[in-house]
Amino acid sequence: MPETAVETGVECAIEVADLDPLLGALRERGFTVMGPLLRDGAVIYDEVRSSADLPAGWTDRQEPGSYRLQRSDSPRLFDFTVGPSSWKRFLHPPALRLWQAHREDGGFQVVDVEPPPPRLAFLAVRACEIHAIAVQDRVLLGGPHVDPAYRARRAGLFVVAVQCTRAGATCFCASMKTGPRAGAGYDLALTEVLEAGRHWFRVEVGSERGAEVLAAVPHRAVRPGESAAAERALAGVAEQMGRTMETAGLPALLRRSPEHPRWSEVANRCLACGNCTMVCPTCFCTTVEDTGDLAGRTAERVRRWDSCFSAEFSYIHGGSVRPSIRARYRQWLTHKLSTWHDQFGESGCVGCGRCITWCPAGIDLTEEVRALQASKRRKEDRRADA
Amino acid sequence: MQTLEPILAQIPLFQGMRPEHLKLIAGCASNARFDAGQFIGRQGEPADKFWIVRQGRVALEIHAPGRGALTIMTVAENEVLGWSWLLAPHQWHFDAYALTATRAIALDGKCLRGKFASDHELGYELMSRFSQLIVQRLEATNLQLLDLYGDHD
Amino acid sequence: MATTTEDAGPPGPAGGDPMRPAPFRVARRVVETHDVFTLWLEPVGGPGGFSSQPGQFDMLYAFGAGEVPVSLSGPPGPVKQVVHTIRAVGPVTQSLQRLKRGDVVGLRGPFGSAWPVSLAEGSDVVLVAGGIGLAPLRPALYHVLSQRERYGRIVLLYGARTPRDILFAREIETWRGRFDADVEVVVDRAAPGWHGLVGVVTTLVPRAHFDPHNAVAFVCGPELMMTFTVRALAHHGVVPARTWVSLERNMKCAVGFCGHCQLGPTFICRDGPVYRWDRVAPLLGVREL
């Protein structure tokens, strides 16, 4: 087996059969590997023990309000786009016991109850998702306070990216400039190539840790022509995306448009179910639940994902600040695309399209944005005519 | 008799008024004094005067059977007591009651209305100022009705 | 990776984990009105060292019941006892109301922005409080009175619902007795026997003695009360850029993680609760933002 010096920035190749040694190398280094699996009629992320767990021969078809798995006649392992789960469920869990309190000596003591989280490796992270993790990093690690639960899971995370070789109908990462090509933020990046009857992976090395892991896996130098084959596999993905969003001037437009009639229009369709916030890889809002046992000896605090689509979300003494769905949809969209820039210096949307696919009413934020932009354009046209 | 003109000129209601108008108003003005507990006006009685409180505190009250006298608002230094003199049917809507010993300048409504008839500009000027006052009181009443500090669930 | 800001010190008495409350013992408890009470809290296990700026808040945890944001109402700066004046309006505040001396609560804090007392030096200071809003303003009043020579006139205008809702009544009499501070109290409605002022707090603004062109105003109360008060102040000559308010929204974490307290681009827990009026007025003008 010819080997090559493995270091950051280098390209290598591995065969399909070498995926299991890769998983093994990660496990040997103490990582629990999370990756794509078929479950409940969708590709979701959970622990992957062998390459046999991967959804080989499956692809997906996504539309607003619709997600369908399809059998493909291809042996490809990563021939799908993003599903309903995102990596945030491991880094920023949907439910987490923050602490427990025990009564003692007339007072109480606060203790940790969650076991230390496993060292995580993510397999098949898409470019948009790498950006989504970076967005949450800024929220939960980048401010004056740090979320220790997130930090404990995020620290030491090993990222195996998969470069997208196809795009879905609800994808628009090209518009958000977060993909389709993952350029950084990974330890290793795989490009799945199936050409001329050969099925293999190009591996880009993104870090020293990545190099070290790859060195422990059977790999070889890229042969003449293989780089070009990998590039061919990636070609045209951006053009395949079913959605686009014009982001120029968008934060300012939304800042100016809190009373736009479109909010009432979309509120008529929105069910305020909160699906979009649950599937969104950047939505970070949580609530806490404090409970106590009947004896009053033990109490605990659980943190759960929350959604700005619920009326209780903004409840203050006396009532909800946003009783109407119109106000809640406006809050969500304006936060994602406008006030997120004020708060964190970037967009809160990475263009993964999950909120479009998983909206039971098929509400498409790119379409909502276009409607807001169109009426602005009409106004400008009128001014130009005058 | 010492004229009240210089004193009137200092009162917010009249601030910036033309001297000739102040002179006309002063012609209808006189000093008044009320003891603590004294009624200055009673609901339904003819309202032919208004007062500028110089010192002391006056309550505007309404009496509700079973609930007693409820204070609607209080009027303190340099504030205006009464506008019923300006508008028909020129009757007190509330009881006005001196909470403390009170000194005031009384302005005779009939006298003023007579001057308005011959000097429309004076009438307009004072009417504008009272309109502003009435709007302020209306806004304050709205806020009171909102019960801002109460429970709202 | 930085875990805390350099200037603000560790995020509350709990140190590294901003979500973890530290136990504090109730050293003293005073009933202020039928639904408002004040707790003096001491760190369990000796002096923990607590310091706050006027206008900041803590998260108070009642064992098993939950946690609520509560403004500090005692003297700012380093203290042995942390003072909170609380209105019992929900399950958690009602649990806190049932606490007795010696009971233990959880505390995280202090959090948030402060009344700009340094910036106000050399100016007249007008504090306008509505209802429970007097509690978050009291630390600012303590500060300006303790540094009396640094300020011009000091005026406190306080509106309460009824005479029996007046907070800190005895202390108000002490302040009123000072020759170097003006204090006016007004109630929205009064039963017979009340000889004080009746009306809304906005009506106190034009009669107060201060120089509106060299004044700084701190306003705290229900949002509508603040809106109308700022309008009355502006009408009187206090420009909105010299007026600060303290805002309230739902809060779960107090450190910018939970998303609940957003008002447009700001997190009230992190950027507020104290804001310069002209910076938030456009946001407050939007319904249901």
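The values are calculated or read from the model by the stated rules, or taken from the named source; none is laboratory data. Computed from a prediction, not measured in an experiment: that's the story for all the values here. Please note: Cβ atoms are built from the backbone with ideal geometry, for glycine as well, and neighbour counts cover all protein chains shown.
In the list A:20, A:60, A:40, which residue meets the criterion of being surrounded by 20 or more Cβ atoms within 10 Å (Cβ to Cβ) and either among the acidic types (Asp, Glu) or within 14 Å of chain C (Cβ to nearest Cβ) (or both)?
A:60
Consider residue C:228 carefully, then state whether it is farther than 23 Å from residue C:131 by Cβ, over 18 Å from the mean Cα position of the chain (by Cα) and modelled with pLDDT under 95. Full working, then the answer.
Working: farther than 23 Å from residue C:131 by Cβ: no; over 18 Å from the mean Cα position of the chain (by Cα): yes; modelled with pLDDT under 95: yes.
So residue C:228 does not fit the description; no.
Per-residue answers, yes or no, for (1) over 22 Å from residue B:131 (Cα atoms); (2) in a loop (DSSP other than H, G, I, E, B); (3) in contact (Cβ under 8 Å) with a residue 40 or more places away in the chain:
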residue	(1), (2), (3)
B:9	no, no, no
B:17	no, yes, yes
B:40	yes, no, yes
B:60	no, no, no
B:96	no, no, yes
B:111	no, no, yes
B:114	no, no, no
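Each residue in the stretch B:62-85 was checked for being surrounded by 15 or more Cβ atoms within 10 Å (Cβ to Cβ) and not in a loop (DSSP other than H, G, I, E, B), and 9 of them qualify. Taken together, the residues in the stretch C:265-289 that are farther than 21 Å from residue C:57 by Cβ and β-branched (Val, Ile, Thr) amount to 1. Residue pairs whose Cβ atoms lie under 6 Å apart, sitting 6 or more positions apart in sequence or on different chains, and linking a residue in the stretch C:202-217 that is among the hydroxyl-bearing types (Ser, Thr, Tyr) to a partner that is buried (at least 19 other Cβ atoms within 10 Å of the Cβ), are C:202/C:228; C:202/C:229; C:202/C:232; C:203/B:140. The set of residues from the stretch C:214-263 being part of a helix (DSSP H, G or I) and within 14 Å of chain A (Cβ to nearest Cβ) comprises C:223, C:224, C:225. Condition check for residue B:53 on (1) part of a loop (DSSP other than H, G, I, E, B); (2) of a type outside the set (S, T, N, Q); (3) within 23 Å of residue C:185 (Cα to Cα): one failure, at (1). In this entry, residue A:303 passes the filter for residues that are buried (at least 21 other Cβ atoms within 10 Å of the Cβ) and basic (Lys, Arg). Looking only at residues of the stretch C:25-36 that are touching a Leu at 6+ places or on another chain (Cβ under 7 Å) and part of a loop (DSSP other than H, G, I, E, B), we find that the one that is surrounded by the most Cβ atoms within 10 Å (Cβ to Cβ) is C:32. Restricting A:309, A:313 to those that are on the phi < 0 side of the Ramachandran plot and at the interface with chain C (Cβ under 7 Å from one of its Cβ atoms) reduces the list to A:313. Candidates in the stretch B:1-29 are the residues that are β-branched (Val, Ile, Thr) and under 21 Å from residue B:56 (Cβ atoms); of these, the one that is farthest from the other protein chains (Cβ to nearest Cβ) is B:7.
For residue B:32, the stated conditions do not hold, so it cannot be described as in a strand (DSSP E or B), away from every other protein chain (no Cβ under 14 Å) and buried (at least 19 other Cβ atoms within 10 Å of the Cβ). Here A:21, A:36 are screened, and the one residue that is in contact with a strand residue (DSSP E or B) (Cβ under 9 Å, 6 or more places away or on another chain) and either of a type in the set (Gly, Ala, Ser) or in a helix (DSSP H, G or I) (or both) is A:21. With respect to the conditions (1) within 28 Å of residue B:69 (Cβ to Cβ); (2) within 11 Å of chain B (Cβ to nearest Cβ); (3) in contact with a helix residue (DSSP H, G or I) (Cβ under 6 Å, 6 or more places away or on another chain), residue C:183 falls short on a single one, namely (2). Residues that are part of a loop (DSSP other than H, G, I, E, B) and either in contact with a strand residue (DSSP E or B) (Cβ under 9 Å, 6 or more places away or on another chain) or closer than 17 Å to residue C:246 by Cβ (or both) within the stretch C:37-60 comprise C:44, C:45, C:48, C:49, C:53, C:54, C:55, C:56, listed in sequence order. Considered as a group, the residues in the stretch A:330-365 that are within 14 Å of another protein chain (Cβ to nearest Cβ) and part of a loop (DSSP other than H, G, I, E, B) include one that is farthest from residue A:243 (Cα to Cα), and that residue is A:345. Elements of the type helices (runs of 4 or more DSSP H) sitting completely within the stretch A:222-317 and holding at least 1 residues that are more than 28 Å from residue A:136 (Cα to Cα) and among the hydrophobic types (A, V, I, L, M, F, W, C): these cover A:226-234.
For the stretch A:129-159, filtered to residues that are over 14 Å from the mean Cα position of the chain (by Cα) and more than 13 Å from every other protein chain (Cβ to nearest Cβ), the residue that is farthest from residue C:18 (Cα to Cα) is A:158. Taken together, the residues in the stretch B:73-113 that are within 14 Å of chain C (Cβ to nearest Cβ) and either more than 15 Å from residue B:41 (Cα to Cα) or over 14 Å from the mean Cα position of the chain (by Cα) (or both) amount to 7.
Is at least one residue of the stretch B:108-124 buried (at least 20 other Cβ atoms within 10 Å of the Cβ) and touching an Asp or Glu at 6+ places or on another chain (Cβ under 7 Å)? Scanning the stretch B:108-124 turns up at least one residue that is buried (at least 20 other Cβ atoms within 10 Å of the Cβ) and touching an Asp or Glu at 6+ places or on another chain (Cβ under 7 Å). Restricting the stretch B:116-153 to residues that are without any contact (Cβ under 8 Å) to a residue 60 or more places away in the chain and not in a helix (DSSP H, G or I) leaves a set whose member that is nearest to residue B:83 (Cα to Cα) is B:147. When the criteria are applied in full, residue A:153 fails the requirement of being under 26 Å from residue A:233 (Cα atoms), surrounded by 15 or more Cβ atoms within 10 Å (Cβ to Cβ) and basic (Lys, Arg).
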